[in-house]
Every structure is written in C-alpha cells, then in structure tokens.
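Engineer: Dropping the structure in here first, questions after.
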Amino acid sequence: MDKPKIYLETTMFNFYYAPDAPGYEEYKAQVRRVFDLIRAGTYEPYTSPYATEELEATAAESRRLEMLKLIPDCGVKILQKTPEVERLAGLYLTGEAVPVGFYTDALHIAMTTVYGLDFIVSLNFQHIVREKTIRITGAINIREGYQAIGIYKPLEVLSL
C-alpha cells in the first residue's frame, strides 16, 4: 500500500515551535508526533507556496527560519500554484465553506484536492477543520469531479 499523501497547512509549522504556554502544549506535542511519523516514512508530506508565504511573513527571524527549515529537513514537497487551485478555492468561498476574507485557507484545501492528496492536517479550527467546511468542500469536490478529502486535526492523524 502507498503511503498516505498529506498536506501540511501553515499551522502545522507554527505549532511545531509554539511557545510552552497553557493551551499550546498538547497541540505542540501532537504536531511534533505527526512530524515524527513523517520522518519515519509513514506519510508523504506536501505543502504549498501559500503556506511558505505565510511562514515568510513571521516577524521573528529565528522562528521563521526554524519553521521554514522543517520543509527540507522533513522532505516536505512544495506543490505549485495553478489556475485550477484558484478556481476551486473560489468555489469554496462562494459556497460559504470558508469565509470570504480567508481565501488562503480555501487555497490550502484546494491544493489538497486538485493534487489528489489524501488529506490536509491543520489546527485552524475557525476556517479549515470544522464540520461546515468539511461538509461543503466535500460536496463541491464531488460536484466538480474530485474526491472529497479528509480534513483532520493532528490528533486524528495520530490515530489513523
């Protein structure tokens, strides 16, 4: 069986280096375990220029460099932007799967879909990992000739 192909949304890189503050410890530990599975060869990891652009916007240089270093260190492949990804993301916005002001979040899901990856892993509970987004993007994907994709929290990936 092939390794599952997973898309790492920006929060996965952010939480790897999250501060040790209340509310963050468990998420940070889960994210680090997902990266351990990637390093062990359990998953084939991908991300996109949308994620790297968000990481590049991190003000703290040392943290920005650490997060970006995870990409080559863990063998994360960077997918390319395409007009089809942008078109599908637009459909997610008009279908209200993702709020209009959060186009990049729609782009992350569209990248996972268009490239035929198995699922996206995220800690973005406001616009990505939520029931409404999962339901509506799944319906749009089927209507547009794609598969519905998995949209998971790190904890769910650890139990697959």
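The values are calculated or read from the model by the stated rules, or taken from the named source; none is laboratory data. Predicted, not measured: the structure shown is a model, and the values here were computed from it. Quick reminder, even Gly has a Cβ in these numbers, built from the backbone with ideal geometry, and neighbours come from all protein chains shown.
Engineer: Looking at (1) surrounded by 14 or more Cβ atoms within 10 Å (Cβ to Cβ); (2) modelled with pLDDT under 95; (3) among the hydrophobic types (A, V, I, L, M, F, W, C), can you tell me which one A148 breaks?
Structural biologist: Going through the list (1) surrounded by 14 or more Cβ atoms within 10 Å (Cβ to Cβ); (2) modelled with pLDDT under 95; (3) among the hydrophobic types (A, V, I, L, M, F, W, C), A148 breaks only (2).
Residues checked against (1) at pLDDT 95 or above; (2) part of a loop (DSSP other than H, G, I, E, B); (3) within 23 Å of F13 (Cα to Cα):
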residue: A97; (1), (2), (3): yes, yes, no
residue: H108; (1), (2), (3): yes, no, yes
residue: M111; (1), (2), (3): yes, no, yes
residue: G116; (1), (2), (3): yes, yes, yes
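Engineer: Kindly indicate the residue of region 118-141 that is assigned to a loop (DSSP other than H, G, I, E, B) and free of Cβ contacts under 8 Å to residues at least 40 places away in the same chain and also nearest to Y92 (Cα to Cα) among those meeting that condition.
Structural biologist: As a first pass, look at region 118-141 and keep what is assigned to a loop (DSSP other than H, G, I, E, B): 118, 122-130.
This time we only want the ones that are free of Cβ contacts under 8 Å to residues at least 40 places away in the same chain, so: 125-127, 129-130.
Details: F125: 16, Q126: 15, H127: 11, V129: 14, R130: 14 Å.
Among residues in region 118-141 that are assigned to a loop (DSSP other than H, G, I, E, B) and free of Cβ contacts under 8 Å to residues at least 40 places away in the same chain, the one nearest to Y92 (Cα to Cα) is H127.
Engineer: Next question, about the same structure. Can you confirm whether S62 is of a type in the set (S, T, Y) and either touching a Gly at 6+ places or on another chain (Cβ under 6 Å) or more than 26 Å from K3 (Cβ to Cβ) (or both)?
Structural biologist: On the way: of a type in the set (S, T, Y): yes; either touching a Gly at 6+ places or on another chain (Cβ under 6 Å) or more than 26 Å from K3 (Cβ to Cβ) (or both): yes.
Judged against the criteria, S62 is a match.
Engineer: Can you tell me which residue is farthest from the chain's Cα centre (by Cα) among those in region 142-160 that are in a helix (DSSP H, G or I) and within 17 Å of R87 (Cα to Cα)? Break it down stepwise before answering.
Structural biologist: Here is the first cut: in region 142-160, the residues in a helix (DSSP H, G or I) are 142-143, 154-158.
From what is left, the residues that are within 17 Å of R87 (Cα to Cα) are 142-143.
Details: I142: 20, R143: 22 Å.
Ranking the qualifying residues of region 142-160, first place goes to R143.
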